[in-house]
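Here the structure comes first, spelled out in structure tokens, and everything after it is commentary.
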Amino acid sequence: MKYALNSIRFRSWLLYVSFALLIIGFLYFFQVLSLPANYERMKINETASAVKELKDVWNNDPTNISKVVSEYAHSKKMYIEISDVNRIFVRLSQLDKNNKEVEQIIRRLDQTKMDKLKYGNDVYYTSTLPRSHTDSKAIIMTAVIAQEGKNNGVFQTNGEVRIYIYNYLEPIGSTAEIINNQLTFASVVIIFCAFILSVFFSNSFTKPIVEISKSALKLPQGKFHMKKRKHQFSEINDLTEALNSASDEIAKTDDLRKELMANISHDLRTPLTMIKAYAEMIRDLSGDIPEKREKHLQVIIDETNRLSSLVTDVLDLSKLQSGVAEMNYSVIDFSEHLTQLVTRFTLLDEVKDYHLDLNSEKGIFINADITKIEQVVYNFINNALTYTGDDRTVKIRLYRKENGIARFEVSDSGVGIDEENLKYIWERYYRIKNVGETHQRAKKGSGLGLSIVKGVLEMHKFRYGADSTVNVGSTFWFEFDEYKEKPAEITASKKTKRNAK
Ligand code: ADP
């Protein structure tokens, strides 16, 4: 098993470990590096919200001010003072022995050296100071809570009234250190888990893929089917499914190829055996008896024809399928051409007992490789003649459908084709069993005709198909865009075509 740098195994390991490192990095940044700054910000906000609430109480509910100050001082451990220029109205502290020091700080406070803090519509002044005898700090905040001296019902004030709040910042150095230590431990655990998990997950991803690729490598050895095992990932199941159906197709094609070879060799051998046997007969027996010799020679000629048409079919098909068949497009009056073609058919000796009923709209032009289209027409008519019913009639129609589309169809009143077989008749060498036994003409077929037709029509990009009802008959058809152009051009191309013939 390879551990290449671009393998899923290595990439998923890298992804997991990088993700774990990223999370640890974030945690370290928020928990350790920015902890002191965040804590200070939180304390400033807490102090500012106390200032705001006390200002509201002072202005709207002054009888309650002592109570609210006392609550703040107790719960948040703050020093709080509200005073005007002459006297102190409320002062409460939970700081005990540092009271004196804080009072002195307040008396010396110089607002111009403090930071301005906008809080809602108010402006407060704040400073962060070192605390004596400790390595921690404190926040001092002040703000004007009432402007002019007046009697608010409880206090008679003189000039502006100020509030001062002094709030401790607890030393968090040791807390940060504890978090740091815990984080280091957690990081080691997280990276270890990420490592184990990534190995586990990447193994469960890659194991089935490796299995599938091993099975796929066996395809060229002819081992086509893969084990059907349910994997835990639906995508892997889909992949197995897709490869299995692809290998089924390959197996089918391989079977078809073998069958084709067997059929072709068989079909080549039968006329060859006949030719050899009749040639020997002429040599040994009938050479001097003209009547018998003629008959035997005719068999040899018929079999040679059959052989040559089989070889032509095989060549045509392989050319179409390998895509080397050249297309010589030309524009012709298909209605007129069809009439000639059907007339040619009716002159054939073997068709003299059949009735070909042609019904064609006039002046339908087609742009196609006409030799190949003739092959299609010939095949449809020939099959219809072969399989038609007792009325020995074959109907040939050429007509305009809607939207400039023309349709050619050949119908017979024969045995028809059931739905199951209808799907396969276009496949090479497909012949419906037993039909040949009841239809004398069918014995001549190679089973390649319709696959040649399919190849030709697909190269032209024409729509085609067969509709059939058992014991009623079949209709084989194709549709094409009626070619509409200036008559002069069409006549010119028609002439070129005729000369070339
Ligand atoms: P074949 O040379 O045997 O006619 P085709 O490829 O032309 O080969 O046709 C394939 C098979 O389709 C035929 O063997 C026959 O069983 C069936 N088939 C074709 N045309 C018709 C038809 N008009 N009516 C009934 N069966 C038909």
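The values are calculated or read from the model by the stated rules, or taken from the named source; none is laboratory data. Just so it is clear, the structure is predicted and the values come from calculations on it, not from any experiment. Here the Cβ positions follow ideal geometry from the backbone for every residue, glycine too, while neighbour counts run over all protein chains shown. To get the accessible areas, we keep the full protein, side chains included, count just its heavy atoms, and leave off ligands, DNA and RNA. Shrake-Rupley method; radii C 1.70, N 1.55, O 1.52, S 1.80 Å.
A few notes on this one:
- Taking the longest Cα principal axis of the chain as reference, the axis of helix 173-217 is set at about 0 degrees.
- The chain: calculated mean residue ellipticity at 222 nm from DSSP helix runs of at least 4, using -39500 (n - 2.57): -18000 deg cm²/dmol
- Computed over protein heavy atoms with a 1.4 Å probe, the carbon and sulfur contribution to the accessible area of the range 52-175 reaches 46%.
- Computed over the range 279-408, relative contact order equals 21 percent, with contacts defined as Cα pairs under 8 Å that lie 6+ residues apart.
- The range 269-351 - accessible surface per residue (Å², probe 1.4 Å): 66 Å²
- Using alpha-carbon coordinates, inclination of helix 8-28 to the longest axis of the chain, degrees: 20 degrees
- Lys/Arg +1, Asp/Glu -1 at C-beta; the range 234-326 dipole; positive extreme among LEU260, ILE250, THR270: THR270
- Counting only Cβ charges, +1 for Lys and Arg and -1 for Asp and Glu, the dipole size of the chain around its Cα centre is about 1440 debye.
- Helix 334-346 and the long axis of the chain differ in direction by around 40°, with both axes built from C-alpha atoms.
- Mean accessible surface per residue for the range 155-217, computed with a 1.4 Å probe while every protein chain stays in place, in Å²: 57 Å²
- Per residue, the range 1-88 exposes 61 Å² of accessible surface when a 1.4 Å probe is rolled over the protein heavy atoms with every protein chain present.
- Longest segment of the chain lacking chymotrypsin sites (Phe, Trp or Tyr not before Pro) that sit in a DSSP loop with at most 13 other Cβ atoms within 10 Å: 4-232
- Contact order relative to length of the chain, as percent, for alpha carbon pairs under 8 angstrom and 6 or more apart: 10 percent
- Toward the positive end of the charge dipole of the chain, with +1 on the Cβ of Lys and Arg and -1 on the Cβ of Asp and Glu, the farthest Cα among GLY414, PHE195, ALA279 is that of PHE195.
- Cross-link reach list, aspartates and glutamates versus LYS137, counting only Cα pairs under 13 Å and skipping chain neighbours closer than eight places: GLU40, GLU170
- Shape of the range 87-164, Cα gyration tensor, a/c cut at 1.5: oblate
- Length-normalised contact order of the range 49-193 in % [C-alpha pairs under 8 Å, at least 6 apart]: 23 percent
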